[in-house]
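**Student:** A single structure is presented below for examination.
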Amino acid sequence: ASISDKDNSTSDFNFTLKYGVGAKNIINTFDGTYQKDLIMAGTEETELSFTVEEMQEIYKKMKAINILNYPSDYKPPYSDNPKPGEERDVEPHYTYILDLTLDGVTKSISWVDSNYSETAEAKKLRDIYNYIDEAIINKEEYRKLPEAVGGYE
């Protein structure tokens, strides 16, 4: 897909996002695959790709939060204004591992979201991950995958 708008050059934009409990759900736009965590039933992989429009939207969202400025090992505090001793540990928690190529830059961001951070920066990144997950769930290929068995405690 070639786009002439210079500010919106998604030509080299691709990413792999591993997410969920233990980061076992994997969307890979480099090779158009998705792996679903079936919990007690292992994992299942399928071919799954985003449309050009979806990729442009994800690209815009990532650019809007300056995703390349996020640290590779992302450990946001619980809140923007932490009170002394105010912390949180959520179980089970999500882990996100993002590997992306954007505007010629390759970047990796790992985030173990065990405190379910409410910082503005963390919420913006989580919103993008949720947007990606929603887009996946709405795909025909996803709906054909088996249901997960069991749950995480």
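The values are calculated or read from the model by the stated rules, or taken from the named source; none is laboratory data. Quick caveat, the model's predicted, so the values are computed rather than measured. Cβ: placed from backbone, ideal geometry, glycine included. Neighbour counts: every protein chain shown. Heavy atoms of the whole protein, side chains included, go into the accessibility calculation; ligands, DNA and RNA do not. Shrake-Rupley method; radii C 1.70, N 1.55, O 1.52, S 1.80 Å.
**Student:** For region 61-77, give me each residue that is touching a residue at least 12 places away in the same chain (Cβ under 8 Å) and closer than 19 Å to residue 99 by Cβ.
**Tutor:** Hits for region 61-77 are 61, 62, 63, 65, 67, 68, 70, 71, 72, 73, 74, 75.
Each row is one residue, and each column tells you yes or no for (1) modelled with pLDDT under 95; (2) closer than 29 Å to residue 31 by Cα; (3) touching a Lys or Arg at 6+ places or on another chain (Cβ under 8 Å).
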{"site": "84", "(1), (2), (3)": "yes, no, no"}
{"site": "87", "(1), (2), (3)": "yes, no, no"}
{"site": "90", "(1), (2), (3)": "yes, no, no"}
{"site": "95", "(1), (2), (3)": "no, yes, yes"}
{"site": "100", "(1), (2), (3)": "no, yes, yes"}
{"site": "114", "(1), (2), (3)": "no, no, no"}
{"site": "120", "(1), (2), (3)": "no, no, no"}
{"site": "123", "(1), (2), (3)": "no, yes, no"}
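**Student:** What do you reckon, is residue 72 over 26 Å from residue 137 (Cα atoms) and either open to solvent by less than 40 Å² (accessible area, probe 1.4 Å) or under 18 Å from the mean Cα position of the chain (by Cα) (or both)?
**Tutor:** Yes; evaluated as a whole, the condition is true for this residue.
**Student:** Any chance you could count how many residues in region 98-136 are of a type in the set (Gly, Ala, Ser) and more than 30 Å from residue 83 (Cα to Cα)?
**Tutor:** Start the filter on region 98-136 by keeping residues that are of a type in the set (Gly, Ala, Ser), which leaves 104, 108, 110, 114, 117, 120, 122, 135.
Then drop every residue that is not more than 30 Å from residue 83 (Cα to Cα), which leaves 104, 108, 135.
So the count comes out to 3.
**Student:** Could you count how many residues in region 77-101 are closer than 30 Å to residue 13 by Cα and in contact with a strand residue (DSSP E or B) (Cβ under 8 Å, 6 or more places away or on another chain)? Full working, then the answer.
**Tutor:** Of region 77-101, the ones closer than 30 Å to residue 13 by Cα are 77, 93-101.
Pick out the ones that are also in contact with a strand residue (DSSP E or B) (Cβ under 8 Å, 6 or more places away or on another chain) and you get 93-101.
Of the residues in that region, 9 qualify.
**Student:** Report, by residue number, each residue of region 31-42 that is in contact (Cβ under 8 Å) with a residue 24 or more places away in the chain and surrounded by fewer than 14 Cβ atoms within 10 Å (Cβ to Cβ).
**Tutor:** 40, 41
**Student:** What number goes with the only condition from (1) over 26 Å from residue 113 (Cα atoms); (2) at pLDDT 95 or above; (3) of a type in the set (Lys, Arg) that residue 24 does not pass?
**Tutor:** Going through (1) over 26 Å from residue 113 (Cα atoms); (2) at pLDDT 95 or above; (3) of a type in the set (Lys, Arg) one by one, residue 24 breaks only (1).
**Student:** Within region 52-62, is even one residue over 21 Å from residue 35 (Cα atoms), polar (S, T, N, Q) and open to solvent by 70 Å² or more (accessible area, probe 1.4 Å)?
**Tutor:** No, region 52-62 contains no residue that is over 21 Å from residue 35 (Cα atoms), polar (S, T, N, Q) and open to solvent by 70 Å² or more (accessible area, probe 1.4 Å).
**Student:** Still on this structure, please answer the following. I'd like the full set of residues that are open to solvent by 30 Å² or more (accessible area, probe 1.4 Å), part of a helix (DSSP H, G or I) and among the small types (Gly, Ala, Ser), limited to region 94-152.
**Tutor:** 120
**Student:** Only one of (1) of a type in the set (Ser, Thr, Tyr); (2) farther than 18 Å from residue 123 by Cα; (3) free of Cβ contacts under 8 Å to residues at least 40 places away in the same chain; (4) out of contact with any helix residue (DSSP H, G or I) (no Cβ under 9 Å at 6 or more places or on another chain) fails for residue 16. Which number is that?
**Tutor:** The single condition residue 16 does not satisfy is (3).
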